[in-house]
Amino acid sequence: MKTGPSTPGTPPSGGAWRMVAAMVLSGTIGWFVVASGQPPVDVVFFRCLFGGVALLGTLALRRGWQPMRGADWGWLALGGVTLILNWLCLFSAYAHSGISVSTVVYHTQPFFLLLLAALFQREAIAPGRLAWLVLAFAGVVLITGLEHGGAVRGVLAGVGLAMLAALLYAVTTMATRRLKGIPAGQIAGLQMALGVVLLLPLAHPAVAGFGARTWGALLALGLVHTGVMYTLLYGAFQRLGVLSIATLSFIYPLVAIAIDVVVFGVVLTPLQLAGMAMILLAVVGNQLGWAPWRRVPARS
């Protein structure tokens with residue numbers, strides 16, 4: 001049954017289910033990375049290879065290619081390099097601090113974006129956002145395992161890698177924002193192609209020994225978690241407001257935590273749970289502009 005035309009100025013419907021599906025898929029990335037049984041360099045190489053084929057193939061079928069200027073290629077390259085390094089750091093963090101802790105720490109990326117904007121674009125950080133930033137990084141301190149009298153070396157390494165991944169992704173975001181009028185599939189697809197070129201000399205996959213489980217995990221990461229997920233995610237961005245996007249984004253870390261606990265039997269300490277809650281609260285508070293400490297003027 002056909003539906004009538006949408007009201008002019010009204011965003012198309014279907015954004016909520018796209019965002020939910022994209023966030024659920026995001027939350028399962030760590031599971032497939034671990035299931036592949038391959039080192040991060042090889043996992044990222046195949047994700048770029050399969051994801052690039054899916055994204056650029058879809059773009060070609062839709063004839064959606066848009067011409068790019070010289071400056072566009074520079075920003076795309078910067079975003080591509082930092083995106084690939086971001087994946088390498090995040091996937092490496094899983095082995096040290098687990099999927100759930102790494103994913104939640106990775107969600108400090110909005111605060112790194114604030115810091116980069118303040119540093120390079122001279123954008124002042126509002127006092128309210130600064131308070132959320134402090135709360136988020138206090139949560140990171142708790143996650144590192146202070147209940148043992150000091151940070152556990154492995155967890156600390158994982159947390160550090162996840163924070164570096166968040167910083168790199170913030171750089172990717174800033175670079176991608178410079179690309180105006182270029183389809184998201186074209187940007188992501190070209191970045192995947194760049195990743196293949198950069199990682200080809202470094203990846204040494206023993207493909208002869210790959211079983212069905214390994215190939216299935218790698219294909220899923222490339223075709224589903226990159227091709228399909230990016231299509232869903234950017235489609236949701238075009239249909240939803242900032243409030244809805246910020247709220248639904250928290251499905252991602254919640255799914256990752258559930259998988260770490262249920263599938264891998266990870267037991268999180270009370271302080272780690274408290275730290276993770278602090279980070280998630282800080283991120284949602286920052287995204288939604290909450291200011292519970294703001295004084296309400298007294299009525300005369």
Counting other Cβ atoms within 10 Å, which chymotrypsin sites (Phe, Trp or Tyr not before Pro) in segment 75-142 have at most 15 and lie in a DSSP loop? none
Just from its helices, what would the mean residue ellipticity at 222 nm be for the chain, if runs of 4 or more DSSP H residues each count -39500 (n - 2.57) and the sum is divided by every residue, rounded to the nearest 500 deg cm²/dmol? -23000 deg cm²/dmol
Taking alpha-carbon centroids only, segment 156-221 lies from segment 43-88 a number of Å equal to 9
What's the carbon and sulfur percent of the chain's accessible surface, probe 1.4 angstrom, rounded to a whole number? 68
In whole Hz, with x marking every Gly and Pro, tabulate ³J(HN,Hα) for segment 29-46 from phi via Karplus 6.51 cos²θ - 1.76 cosθ + 1.60, θ = phi - 60°. 4, x, 4, 6, 4, 5, 5, 5, x, 10, x, x, 4, 5, 4, 5, 4, 6
Between the modelled labels at Val20 and Ala206 (7 Å from Cα along Cα→Cβ) the distance in nm is 4.3
For the chain, with every protein chain kept in place, what is the accessible area per residue (1.4 Å probe, Å²)? 51
For segment 273-289 and segment 11-38, compute the distance between their C-alpha centroids and round to whole Å. 21
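The values are calculated or read from the model by the stated rules, or taken from the named source; none is laboratory data. Predicted model only: the values in this text are computed from it and were never measured. Heads up, the Cβs are rebuilt from the backbone with ideal geometry, glycines too, and the neighbour counts pull from every protein chain shown. Side chains included, ligands, DNA and RNA excluded: accessible areas come from the protein's heavy atoms. Shrake-Rupley method; radii C 1.70, N 1.55, O 1.52, S 1.80 Å.
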